[in-house]
Amino acid sequence: MKGLILSGGHGTRLRPITYSQQKQLIPVANKPILFYAIEDVIECGIRDIGIIVGSNKEQVMETVNNANFGAEIIFIEQEAPLGLAHAVLISEEFLRDESFVMYLGDNILKHGIIRYIEHFRQSDADASILLTPVDNPSQFGVAELNGDGSIIKLIEKPKEPPSNLALVGIYMFKPIIFDAVKRIKPSWRGELEITDALQRLIEDGFMIDSEIVHGWWKDSGKPEDILHANRLVLDDLTHEIKEKEDVKGEIRGRVSIDIGTKVNESSVIKGPALIGTGCVIKDSYVGPYTSIGNNCKIINSEVEDSVIMDGARVVSAGNIVDSMIGRDVVIEKNKYLPKGNKFIIGDNSWVRI
């Protein structure tokens, strides 16, 4: 099998962070979301991987190439986010006549995909989809099943969902899918929908298998999804402090602190919490479910249940909770007159004071 991982799109629901950063590169527990997908595919023994890239292609390519995954990775440019089936269509030359797994690069699955890949390899199915119950099925592709679990119909973002079973962003296909995507038309959204291609296979009598996902799955499309995914990953954090002589504050619970990070005596870190390299934590409290990237400074502040990205500085900023703070952001107490809150904020920002 080959792997096809999607890392395009504009990430409009994650602005302003995605104005300067591809959404699949946003960190969850200090690792780009895209890396979870790549690692899951490689874990299945797949070493031939194509990554769909869009407007921020150079950023994605550089980040992936610098990671040295030990797999043959190529990049396939999609001129615009024209749908998942379009991504399959433009990848035909790379995929050729082989089965493949398509993995949306902003999805995270707790237990990986080995069991689903093995099931597909051993089955006679022409395609296989993963399903999970959700509270808001109208925001996803949805499956309608028979009593025996076979698929009756697949619908993309239905106004009146026939079930609460959403398609997880991981699909397994045999080459017959290329014929299906060539015979569908764009949806009302102007996209070639993979659900329409799958529905075409069903109507043509091909076998489409499905499995219910075990463990948690997260589609990290919105800020609250990133924070939730961060919590879920940190729940499995291993306690590790690499340079204990530089960590002099109070450590409670499972905390991971990388090399070059200094924590002074007046600081408290309560896990699960993850802190990268070269950080300074001084006179501060870092609370549970917080991940702090590399080269950050947290001084005289409190941070909890938040994602803080590389190079950020939080100085005398009071108590920060449930927040995403981008790369090289500065949050500090106003020292000058007139007193008050001072903001330099990009489009689509959200501030609660």
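The values are calculated or read from the model by the stated rules, or taken from the named source; none is laboratory data. Quick caveat, the model's predicted, so the values are computed rather than measured. Ideal geometry is used to build each Cβ from the backbone, glycine not excepted, and the neighbour counts take in all protein chains shown.
Structure values in brief
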{"item": "The stretch 24-62: number of residues that are at pLDDT 90 or above, touching a Phe, Trp or Tyr at 6+ places or on another chain (Cβ under 9 Å) and assigned to a helix (DSSP H, G or I)", "result": "7"}
{"item": "Qualifying residue in the stretch 190-209 (condition: on the phi > 0 side of the Ramachandran plot and surrounded by fewer than 18 Cβ atoms within 10 Å (Cβ to Cβ))", "result": "yes"}
{"item": "For residue 246: the one exception among (1) in contact (Cβ under 8 Å) with a residue 24 or more places away in the chain; (2) surrounded by fewer than 18 Cβ atoms within 10 Å (Cβ to Cβ)", "result": "(1)"}
{"item": "Any hit, the stretch 299-308, residues being in contact with a helix residue (DSSP H, G or I) (Cβ under 8 Å, 6 or more places away or on another chain) and surrounded by fewer than 23 Cβ atoms within 10 Å (Cβ to Cβ)", "result": "yes"}
{"item": "Any hit, the stretch 120-128, residues being in the same structural domain as residue 172 (by TED's automatic domain parsing), within 21 Å of the chain's Cα centre (by Cα) and buried (at least 16 other Cβ atoms within 10 Å of the Cβ)", "result": "no"}
{"item": "Residues of the stretch 147-162 that turn out to be more than 25 Å from the chain's Cα centre (by Cα), modelled with pLDDT of 80 or more and surrounded by fewer than 18 Cβ atoms within 10 Å (Cβ to Cβ), as a count", "result": "5"}
{"item": "Condition broken by residue 110, with the remaining ones in (1) in contact with a Lys or Arg (Cβ under 8 Å, 6 or more places away or on another chain); (2) farther than 21 Å from residue 154 by Cα satisfied", "result": "(1)"}
{"item": "Residue list for the stretch 250-283, filter: in a loop (DSSP other than H, G, I, E, B), over 29 Å from the mean Cα position of the chain (by Cα) and of a type outside the set (D, E, K, R)", "result": "264, 266, 267"}
{"item": "Positions within the stretch 145-165 being in contact with a helix residue (DSSP H, G or I) (Cβ under 7 Å, 6 or more places away or on another chain) and outside any loop (DSSP other than H, G, I, E, B), in sequence order", "result": "151, 153, 154, 155, 156"}
{"item": "All positions within the stretch 193-238 that are in contact with a helix residue (DSSP H, G or I) (Cβ under 7 Å, 6 or more places away or on another chain), in a helix (DSSP H, G or I) and among the basic types (Lys, Arg)", "result": "200"}
{"item": "Qualifying residue in the stretch 172-187 (condition: closer than 23 Å to residue 50 by Cβ, under 23 Å from the mean Cα position of the chain (by Cα) and of a type in the set (A, V, I, L, M))", "result": "yes"}
{"item": "Close pairs from the stretch 216-242: first in contact (Cβ under 8 Å) with a residue 24 or more places away in the chain, partner crowded, with 20+ Cβ neighbours inside 10 Å and charged (D, E, K, R), Cβ under 7 Å, at least 6 apart", "result": "219/106; 220/106; 221/106; 229/218; 232/218"}
{"item": "Some residue of the stretch 171-179 being over 26 Å from residue 98 (Cβ atoms) and crowded, with 20+ Cβ neighbours inside 10 Å", "result": "no"}
{"item": "Any chance residue 3 is crowded, with 20+ Cβ neighbours inside 10 Å and modelled with pLDDT under 90", "result": "no"}
{"item": "Only listed residue being part of a strand (DSSP E or B), free of Cβ contacts under 8 Å to residues at least 40 places away in the same chain and among the hydrophobic types (A, V, I, L, M, F, W, C), chosen from 142, 168", "result": "142"}
{"item": "Enumeration of residues in the stretch 110-139 that are over 26 Å from residue 230 (Cα atoms) and in a loop (DSSP other than H, G, I, E, B)", "result": "123, 124, 125, 126"}
{"item": "Count of the stretch 87-109 residues which are surrounded by 15 or more Cβ atoms within 10 Å (Cβ to Cβ) and in a loop (DSSP other than H, G, I, E, B)", "result": "5"}
{"item": "Some residue of the stretch 260-277 being within 30 Å of residue 117 (Cβ to Cβ), in the same structural domain as residue 325 (by TED's automatic domain parsing) and polar (S, T, N, Q)", "result": "no"}
